[in-house]
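What follows is one structure encoded as structure tokens, with my remarks underneath.
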Amino acid sequence: MTNSPLTESRGARWALLTVGIVFLALFLLLPLVAVFAEALGQGLGTYLDAIAEPDALAAIRLTLLVAAISVPLNVVFGIAAAWSITKFDFPGKSLVISLIDLPFSVSPVVAGLIYVLLFGAQGWWGEWLAAHDVQIIFAVPGIVLATIFVTFPFVARELIPLMAEQGRDDEEAALSLGASGWQTFRRVTLPNIRWGLLYGVLLCNARAMGEFGAVSVVSGHIRGKTNTMPLHVEILYNEYNFAAAFAVASLLALLALVTLVLKSVLEWRYDYQGKGNGH
Amino acid sequence: MTGRAATAPLPAAAPARRPLFGKRTIIPGFGITFGGSLLWLCLIVLLPLSAIFLRAAGLGWEHFVAIGFSARAMAAYRLSFGAALAAAAINAVFGLLIAWMLVRYDFPGRRLIGALVDLPFALPTAVAGIALTALYSPNGWVGALLAPLGIKVAFTPAGVVVALLFIGLPFVVRSVEPVLADLGRDVEEAAATLGASRAQTFRRVILPAILPALITGFALAFARGVGEYGSVIFIAGNMPYRSEIAPLLIVTQLEQYDYAGATAIATVMLVAAFAMLLVINVIQAWNRRRSETA
């Protein structure tokens with residue numbers, strides 16, 4: 001049994017498992033545990049105070065607002081893009097798909113910078129915007145724009161392979177039976193893609209609420225006004241207010257855990273497997 | 001795909017039913033969905049990105065090189081690219097091991113560990129950053145164990161690698177896992193029947209089959225690591241010339257209202273990112289071709 005050519009020996013298997021699990025513990029599990037340990041280290045009272053503090057509440061509200069704007073916009077874009085790419089043939093299709101994926105390869109800081117160069121005081125349209133009293137950078141619109149940029153591909157890249165695999169037969173059948181385009185989408189396409197859509201929304205939302213680099217560049221870090229939760233964590237941390245920083249961070253870690261649980265439920269129960277390397 | 005050479009996208013208003021678009025279809029909505037998504041893509045992504053290149057072009061070549069490749073910028077690129085390379089290489093080894101474990105072994109908690117691998121996709125980078133700093137600083141849980149050995153992780157370039165290990169791991173695992181799961185056991189059986197040892201089978205049969213996926217995962221982890229900001233800045237120490245990553249240098253320049261400097265460095269990063277994207281696409285095409293012929 002010890003050197004069965006089709007499996008590793010018992011010892012080798014144990015060694016590999018141990019090394020893998022120690023690596024995961026050191027770099028994934030322990031950081032997660034540390035967030036909660038540090039958050040609750042000063043007692044539950046400190047924890048609750050840090051979360052109920054007005055600036056923290058403002059940050060939570062802003063984070064929810066930004067996600068509530070950017071996620072639906074990405075859903076509409078993702079469905080429209082996937083519909084046009086998978087239901088029709090046109091030249092240059094793979095170029096369009098690559099362009100949709102582009103934001104994934106741009107550093108978040110650069111993503112923020114491009115909007116500063118357009119809308120900032122020194123930017124292309126800065127003077128015009130200032131003259132018309134419109135503020136985008138160091139204000140909520142800039143945060144929303146930067147968030148949309150970094151989450152841009154999430155929904156589309158889940159839907160495109162899924163809808164390509166499902167083909168066009170169902171839609172064509174419904175249409176030839178007299179359904180309108182909208183009816184076909186709502187009654188035929190949407191039920192077919194709902195789990196994939198939900199999966200994309202889940203990942204999109206997690207990134208939208210947790211984005212740091214891009215938002216940090218455009219936000220201006222005005223407490224209670226343009227601070228999202230990740231930015232609030234940074235400010236508290238830099239003020240050496242570690243317990244409060246980890247308390248707010250623990251809310252974001254909870255969000256991540258809920259995301260992972262829902263994602264696993266989607267994968268196990270509906271046999272929906274995301275496209276692997278889903279950023 | 002269309003099978004035709006990729007050309008520039010056609011005007012949005014082009015009717016969907018013209019034979020130019022291949023097979024005739026009765027499905028409606030091409031004009032509005034294609035036009036709408038292309039417009040949105042231009043407004044949100046392409047227009048702002050082109051703004052940065054125009055801005056950089058406005059600097060003039062010599063000025064651009066002087067600030068884009070200054071000594072401090074070069075040190076920052078070296079750290080960003082070097083640490084991303086080191087982390088991606090370590091992740092390629094351990095990611096393969098973890099993918100192997102998840103696909104081939106049955107052990108209690110396998111599903112839980114499978115879900116945990118995706119944590120870096122779900123956990124905000126700033127949270128990962130402060131948590132890793134707390135763990136690996138000299139008085140943290142892990143840092144305290146390393147300190148007597150004279151190993152400092154947090155606030156050194158090694159800290160950057162640790163943060164990028166966290167960020168990059170799922171890219172490798174998720175790239176390799178499906179290929180490993182699809183790998184037929186018959187070739188392994190054949191190799192074993194012909195007298196190959198387990199190690200030989202792995203090296204000569206399994207590794208070549210999963211190599212494209214492994215390289216894809218490595219490249220994705222590397223590309224992500226080069227631009228990473230949130231998880232790194234807390235643990236890095238951020239000393240110019242020593243532990244300052246390129247994205248942080250952009251932020252520092254912006255805070256000093258040095259828009260030219262920020263633009264030049266960002267342009268260099270973008271060109272590098274596009275080059276990596278091209279390489280990843282070539283690898284993935286190779287990957288697909290190999291899995292089709294297999």
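The values are calculated or read from the model by the stated rules, or taken from the named source; none is laboratory data. The structure presented is a predicted model; accordingly, all values stated were derived computationally and were not measured. Every residue, glycine as well, gets a Cβ built from its backbone with ideal geometry; the counts of neighbours run over all protein chains shown. We work out accessible area using only protein heavy atoms, side chains counted, and drop any ligands, DNA or RNA first. Shrake-Rupley method; radii C 1.70, N 1.55, O 1.52, S 1.80 Å.
Points to keep in mind about this one:
- When the criteria are applied in full, A:L57 meets the requirement of being over 30 Å from B:D106 (Cα atoms) and open to solvent by 60 Å² or more (accessible area, probe 1.4 Å).
- Subset of region A:109-139 (residues that are more than 7 Å from chain B (Cβ to nearest Cβ) and polar (S, T, N, Q)): A:Q135
- Inter-residue pairs, beta-carbon under 6 Å, first facing chain B (nearest Cβ under 7 Å) and in region A:83-108, second part of a loop (DSSP other than H, G, I, E, B) and hydroxyl-bearing (S, T, Y), 6+ apart: A:D89/B:T2; A:P91/B:T2; A:P91/B:T7; A:G92/B:T7; A:K93/B:T2; A:P108/B:Y229
- Answer from A:T18, A:T7 - the residue that is farther than 30 Å from A:L236 by Cα, among the β-branched types (V, I, T) and outside any helix (DSSP H, G or I): A:T7
- Set B:L10, B:L20: member being within 11 Å of chain A (Cβ to nearest Cβ), within 27 Å of A:F152 (Cβ to Cβ) and modelled with pLDDT under 95: B:L10
- When residues of region B:202-232 are limited to those that are more than 18 Å from the chain's Cα centre (by Cα) and touching a residue at least 60 places away in the same chain (Cβ under 8 Å), the one least open to solvent (accessible area, probe 1.4 Å): B:I210
- If you go through region A:109-144 and keep only what is within 14 Å of B:L46 (Cβ to Cβ) and in contact (Cβ under 8 Å) with a residue 60 or more places away in the chain, you end up with A:A111, A:Y115.
- Residue within region A:220-237 that is at the interface with another protein chain (Cβ under 10 Å from one of its Cβ atoms), farther than 30 Å from B:L180 by Cβ and open to solvent by 30 Å² or more (accessible area, probe 1.4 Å) present: yes
- Any chance B:V160 is closer than 30 Å to B:A147 by Cβ, within 10 Å of another protein chain (Cβ to nearest Cβ) and open to solvent by less than 20 Å² (accessible area, probe 1.4 Å): no
- So A:R207, is it in a helix (DSSP H, G or I), open to solvent by 40 Å² or more (accessible area, probe 1.4 Å) and of a type in the set (K, R): yes
- Every listed requirement among (1) at pLDDT 95 or above; (2) more than 7 Å from every other protein chain (Cβ to nearest Cβ); (3) under 22 Å from B:P124 (Cβ atoms) is met by A:V35 save one, (2).
Quick grid of which residues meet (1) closer than 29 Å to B:N139 by Cα; (2) open to solvent by 20 Å² or more (accessible area, probe 1.4 Å); (3) out of contact with any strand residue (DSSP E or B) (no Cβ under 8 Å at 6 or more places or on another chain); (4) of a type outside the set (A, V, I, L, M, F, W, C):
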residue	(1), (2), (3), (4)
A:V19	yes, yes, yes, no
A:F27	yes, yes, yes, no
A:L32	yes, no, yes, no
A:T86	no, no, yes, yes
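- Lone qualifier among B:L135, B:L112, B:L183, B:L194 - being within 11 Å of chain A (Cβ to nearest Cβ) and surrounded by 14 or more Cβ atoms within 10 Å (Cβ to Cβ): B:L135
- Search result, residues across region A:97-128 that are more than 21 Å from the chain's Cα centre (by Cα) and at pLDDT 90 or above: A:V116, A:L117, A:L118, A:F119
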